[in-house]
Amino acid sequence: MAAVICSGWANAAWRQRAQLCSVWLLALVGASYLTAPVAAQVVGSTAGACASAGTAVLVLSNATSTADPYAICFHTFTLTVDPATCALLLSPDASAAGLQVQGRACPAADLSGGVVAGDDVGAAIRRAMQRAALAAGAIQGVTLEPGFAGISVATPGPNTNTYTLTQGSLGSVFPTSTASTAPCPAGGAPGCAPAGAGAGASCPAGRYLAGGGAVCTLCPAGHACGGGAGAAAAACDAGTYAEAVGQPACSSCPVQTYQAEAGRTACHPCPDASYAHFTASTGCLACYLGQPRVVAGRVGGEEGAWQEGAAVEAPPELPGKRGAAAAALQQPPTWVARYRVATLAGGALGAGACPDVDHPFKSCAALEGRAVAVETAPSCLVRLYVLGDAGCSQADELSYVEG
């Protein structure tokens with residue numbers, strides 16, 4: 001249309017008409033540009049494409065500090081980059097759920113790393129890990145290691161955690177062909193198992209096989225790895241713990257501490273006035289009138305009345321119940337010594353009883369039918385007092401047997 005209108009101008013007013021035609025042509029071109037698809041306006045655009053799209057699993061293959069909080073909480077994790085938005089999510093492995101490190105809980109939910117700019121996956125991983133705030137100071141950086149398909153993470157400390165890809169891919173950043181489920185790359189990778197050994201590969205103590213036998217990864221915290229052929233990780237039993245990664249064996253909870261769950265990194269101290277007299281205890285006990293009661297943890301299938309961090313009171317059958325004020329302060333209940341009075345059966349502690357034991361009741365005038373006070377302390381210490389006998393129960397001095 002423009003060609004028809006603007007052609008054949010050879011008369012005296014051609015200059016004026018040419019100017020008007022130029023304005024018309026510019027208007028037509030502008031309208032066409034504004035109504036054209038957005039993609040057509042950008043030369044060379046790859047709208048909707050994401051160079052790092054995909055899903056990949058990485059495992060901890062080396063750590064300069066086995067107690068590093070990020071090594072403990074992010075021993076294994078999955079990276080997912082959305083192909084449409086290029087947004088990255090970091091998903092911690094379920095084995096880290098419930099773990100505590102330096103007073104902080106390991107994250108269980110997905111962590112957002114924001115949108116990946118170009119192929120800079122490292123910056124997005126850094127942002128995602130930083131959201132966990134597991135230590136004072138920021139993560140220094142994340143470096144891609146294309147030589148063995150992995151990353152190195154510089155954490156506060158300073159420490160360096162090295163991860164190896166064992167499954168999946170992230171577009172052109174980590175192609176599927178570089179994943180460590182295939183034989184270890186030339187030159188090996190950190191923790192790389194012997195070439196061609198597969199699921200029967202032998203790992204040193206403190207490591208176990210991952211990635212189809214390609215990587216001897218560090219043992220997760222809360223687990224023990226004895227090493228050897230076909231090495232596997234075993235969760236620490238209740239009453240034991242492994243506070244760092246790379247542990248060959250679990251440690252027993254010390255006396256006066258307990259751990260009721262398996263696969264944990266620490267033991268809890270017994271609440272006030274309760275006791276764990278043995279190592280590797282799964283709970284703490286207190287005695288009430290000679291009967292043991294589980295205060296915290298779990299013993300013989302019985303759950304404790306007071307759990308770590310919980311604001312609860314002592315159960316009704318236990319002494320020392322404090323009430324709502326103490327519960328609001330999350331204080332454990334207090335137990336004190338209690339007494340029970342019983343009557344001795346005939347001959348129970350007579351002159352002929354326990355002839356080889358020099359107990360103070362031998363001086364009692366007569367024990368048959370006497371009242372006996374039984375005192376039990378929270379530690380299960382028991383004392384027996386005979387009441388109402390001038391021979392062994394004076395007003396100012398009571399003889400007793402303790403045990």
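The values are calculated or read from the model by the stated rules, or taken from the named source; none is laboratory data. Worth saying up front: this structure is predicted, and the values here are computed from it rather than measured. Quick reminder, even Gly has a Cβ in these numbers, built from the backbone with ideal geometry, and neighbours come from all protein chains shown.
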Checklist entry - Within the stretch 243-290, which residues are out of contact with any strand residue (DSSP E or B) (no Cβ under 7 Å at 6 or more places or on another chain) and among the hydroxyl-bearing types (Ser, Thr, Tyr)? => result none
Checklist entry - Counting only residues that are touching a residue at least 12 places away in the same chain (Cβ under 8 Å) and charged (D, E, K, R), which one in the stretch 75-120 is surrounded by the most Cβ atoms within 10 Å (Cβ to Cβ)? => result ASP93
Item to check | the stretch 261-274: number of residues that are surrounded by 20 or more Cβ atoms within 10 Å (Cβ to Cβ) and closer than 20 Å to ALA377 by Cβ | outcome: 3
Checklist entry - Does any residue of the stretch 233-254 turn out to be modelled with pLDDT under 95, in contact with a Ser or Thr (Cβ under 7 Å, 6 or more places away or on another chain) and over 21 Å from GLN100 (Cβ atoms)? => result no
Next on the checklist: Is it the case, given these coordinates, that SER152 is part of a loop (DSSP other than H, G, I, E, B), within 16 Å of LEU79 (Cβ to Cβ), in contact with a Ser or Thr (Cβ under 8 Å, 6 or more places away or on another chain) and at pLDDT 75 or above?
Outcome noted: no
Item to check | Positions within the stretch 238-260 being surrounded by 17 or more Cβ atoms within 10 Å (Cβ to Cβ) and either among the acidic types (Asp, Glu) or part of a loop (DSSP other than H, G, I, E, B) (or both), in sequence order | outcome: ALA238, GLY239, ALA242, GLU243, ALA244, VAL245, GLY246, GLN247, CYS250, CYS253, GLN259, ALA260
Next on the checklist: I'm told ILE125 meets every condition in (1) at pLDDT 95 or above; (2) of a type outside the set (S, T, N, Q); (3) within 17 Å of VAL59 (Cβ to Cβ); (4) touching a helix residue (DSSP H, G or I) at 6+ places or on another chain (Cβ under 8 Å) except one. Can you identify the failing condition by its number?
Outcome noted: (4)
Next on the checklist: I'm trying to understand the selection: among the residues of the stretch 276-304, which are within 15 Å of ALA238 (Cβ to Cβ), at pLDDT below 85 and surrounded by 15 or more Cβ atoms within 10 Å (Cβ to Cβ)?
Outcome noted: GLY304
Checklist entry - Considering the stretch 105-129 alone, what residues qualify as being part of a loop (DSSP other than H, G, I, E, B) and not charged (D, E, K, R)? => result CYS106, PRO107, ALA108, ALA109, VAL116, ALA117, GLY118
Item to check | Verdict on ALA132 being assigned to a helix (DSSP H, G or I), crowded, with 19+ Cβ neighbours inside 10 Å and within 19 Å of the chain's Cα centre (by Cα) | outcome: no
